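Below is one structure; the comments refer to it alone.
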Amino acid sequence: LTVVEFTPGLENIVAAKTSICHLDLESHRILIRGYDLIELAQKASFEEAAYLLLHGELPTHGELEDFSSRLRRERTIPNDVYEALRRLPKNTHPMDVLKLGIAALAPWDPDLDDNSHQANLRKAERLVAKLAILVANGWRITREKPVLQPAADLSFASNLLYMITGAVPSPREARIFEQTLILYIEHELAASTFAARVVGSTLSDIYGSVEAAIAALKGPLHGGANEKSMEMLLEIGSMENVQAYIEGLLERKQKIMGFGHRVYKRGIDPRAEMTKDLLKHLSQDRGQTLYYNMADQIQMIMASKKQLYPNLDFFIGPLYYLLGIPIELFTPVFAASRVTGWTAHFIEQQDENRIFRPRALYTGHRYRPYLPVEQRG
Ligand SMILES: CC(C)(COP(=O)(O)OP(=O)(O)OC[C@H]1O[C@@H](n2cnc3c(N)ncnc32)[C@H](O)[C@@H]1OP(=O)(O)O)[C@@H](O)C(=O)NCCC(=O)NCCS
């Protein structure tokens with residue numbers, strides 16, 4: 001056995017080969033199948049970016065039409081799945097609602113246990129279409145709000161925002177929201193994606209893989225940070241309180257949610273630069289610049305005191321808040337986009353599979369003889 005040095009959190013360990021996403025720190029770019037994620041967010045639709053991830057190429061006009069109509073057709077959830085969600089306690093966290101929703105959906109998929117490339121692709125498209133509907137209606141059911149039918153004439157992004165808020169968004173709001181979804185769509189081996197690949201590597205099914213990914217995303221060190229960043233801004237409440245609040249947290253050695261990143265240690269996450277801009281524009285449109293100004297000041301304090309920079313989640317928190325999305329849905333919305341990346345990785349894993357089975361550095365007792373219970377002190 002060759003002993004490899006132990007690295008907590010697998011930092012800097014290469015755990016998979018992929019042609020899906022490359023974090024190019026030299027050029028400060030996130031490449032999705034070779035395309036710059038920021039350029040995609042500026043120019044493409046969510047459907048185009050999702051097609052690119054799943055199928056490997058940007059779609060032609062015809063391919064995009066077909067893909068978009070397949071996604072629209074799949075915006076349905078069996079009533080029995082909704083019935084299962086109705087039995088949950090009314091205060092269930094929407095990420096837990098989502099996990100059950102996906103688990104309950106699995107047996108309805110005719111391709112569930114067919115892990116061929118084509119069947120996996122069909123299931124991935126269904127999951128991208130259906131998970132967003134579960135985000136909105138699963139939350140509606142557990143919060144005793146009326147379930148909404150998807151609007152057939154709306155794009156993926158507009159429909160999701162509509163089904164959450166209950167109002168059809170303006171084209172500008174819909175586009176800003178769509179841009180954040182594109183930024184969330186994929187980011188190499190984030191903890192949730194790694195979890196998705198580990199499940200895929202046992203040749204289990206894609207629904208189970210997405211459930212594992214949702215469970216990983218729920219944690220505040222990963223997807224939950226967007227919710228925490230907005231809760232913090234609300235708690236600070238005014239510009240005068242910013243400095244003392246942040247310094248207080250730092251003195252108590254507490255983490256500021258939305259800052260720091262395992263990969264972007266020396267500079268800002270390229271996605272955070274774009275979301276900051278989007279937040280600025282939306283805040284100006286709304287004449288509601290308080291959260292932007294607070295976030296901007298926190299960014300300055302963190303850079304000077306800790307040399308820590310915001311990640312994607314930091315500015316998305318206030319941005320979603322201004323779009324009227326309830327805070328408890330911020331992480332589920334992240335999942336509605338990232339399911340595309342998870343499923344692309346699942347397919348890639350199964351196309352060229354070897355089961356994940358690392359070793360552990362043992363720190364427990366050496367051999368101890370068993371003593372019958374009467375002889376134990
Ligand atoms: C993202 C994150 C999990 C990366 O973790 P990591 O690579 O293991 O980094 P570490 O936790 O080892 O951090 C290194 C140092 O920076 C500090 N640090 C990291 N993130 C911090 C934060 N958000 N606020 C304050 N200090 C932070 C750590 O306390 C540590 O300081 P120390 O060396 O004095 O102990 C971590 O930065 C974090 O918890 N951020 C907040 C949660 C968040 O925004 N998550 C979303 C990620 S996209």
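Please enumerate the residues belonging to the range 198-228 that are surrounded by 24 or more Cβ atoms within 10 Å (Cβ to Cβ) and more than 12 Å from the ligand (Cβ to nearest atom).
Answer for the range 198-228, where residues must be surrounded by 24 or more Cβ atoms within 10 Å (Cβ to Cβ) and more than 12 Å from the ligand (Cβ to nearest atom): Gly200, Ile206, Ser209, Val210, Ala213, Ile214.
Given the condition in contact with a helix residue (DSSP H, G or I) (Cβ under 9 Å, 6 or more places away or on another chain), outside any loop (DSSP other than H, G, I, E, B), β-branched (Val, Ile, Thr) and away from the ligand (no atom under 16 Å from the Cβ), answer yes or no: does some residue in the range 59-81 qualify?
yes
Taking the range 169-197, which residues are outside any helix (DSSP H, G or I) and either more than 14 Å from the chain's Cα centre (by Cα) or surrounded by 19 or more Cβ atoms within 10 Å (Cβ to Cβ) (or both)?
Pro169, Ser170, Ile185, Glu186, His187, Leu189, Ala190
Which of the following residues is more than 26 Å from Ile256 (Cα to Cα) and assigned to a helix (DSSP H, G or I): Glu328, Glu348, Glu273?
Residue meeting the stated conditions: Glu348.
Checking Arg286 against (1) modelled with pLDDT of 95 or more; (2) more than 16 Å from the ligand (Cβ to nearest atom); (3) among the charged types (D, E, K, R); (4) surrounded by fewer than 16 Cβ atoms within 10 Å (Cβ to Cβ): exactly one of these is not met. Which one?
Result: Arg286 passes all but (1).
Go through the range 107-120 and give me each residue that's in contact (Cβ under 8 Å) with a residue 24 or more places away in the chain and surrounded by fewer than 19 Cβ atoms within 10 Å (Cβ to Cβ).
Scanning the range 107-120 gives Trp108, Asp109, Leu112, Asp113, His117.
Tell me which residues, restricted to the range 1-57, are within 30 Å of Leu160 (Cα to Cα), assigned to a helix (DSSP H, G or I) and within 16 Å of the ligand (Cβ to nearest atom).
Across the range 1-57, the qualifying residue is only Leu37.
Restricting to the range 134-189, count the residues that are within 23 Å of Lys43 (Cβ to Cβ), of a type in the set (Gly, Ala, Ser) and touching a residue at least 24 places away in the same chain (Cβ under 8 Å).
So the count comes out to 2.
Do we have Ser304 as among the polar types (S, T, N, Q), within 15 Å of the ligand (Cβ to nearest atom) and buried (at least 24 other Cβ atoms within 10 Å of the Cβ) here?
Taking the combined requirement at face value, the residue does not satisfy it.
For (1) surrounded by fewer than 22 Cβ atoms within 10 Å (Cβ to Cβ); (2) farther than 18 Å from Asp205 by Cβ, each residue gets a yes or a no:
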| site | (1), (2) |
| --- | --- |
| Val333 | no, yes |
| Val339 | no, no |
| His345 | no, no |
| Pro358 | yes, yes |
| Gly364 | yes, yes |
| Tyr370 | yes, yes |
| Glu374 | yes, yes |
| Gly377 | yes, yes |
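All but one of (1) under 30 Å from Pro358 (Cα atoms); (2) crowded, with 21+ Cβ neighbours inside 10 Å hold for Ala103; which doesn't?
Failed condition: (2).
May I ask you to say which residue of Glu235, Glu247 is free of Cβ contacts under 8 Å to residues at least 24 places away in the same chain and surrounded by fewer than 20 Cβ atoms within 10 Å (Cβ to Cβ)?
On inspection, the qualifying residue turns out to be Glu235.
Mind checking which pairs have a first residue in the range 295-310 that is more than 19 Å from Lys228 (Cα to Cα) and of a type outside the set (Phe, Trp, Tyr) and a second that is part of a helix (DSSP H, G or I) and more than 11 Å from the ligand (Cβ to nearest atom), Cβ under 8 Å, 6 or more apart or different chains?
Listed by first residue and then by second, the contacts come to Lys305/Glu247.
The values are calculated or read from the model by the stated rules, or taken from the named source; none is laboratory data. Worth saying up front: this structure is predicted, and the values here are computed from it rather than measured. Reconstructed Cβ throughout: ideal geometry from the backbone, glycine too, with neighbour counts over all protein chains shown.
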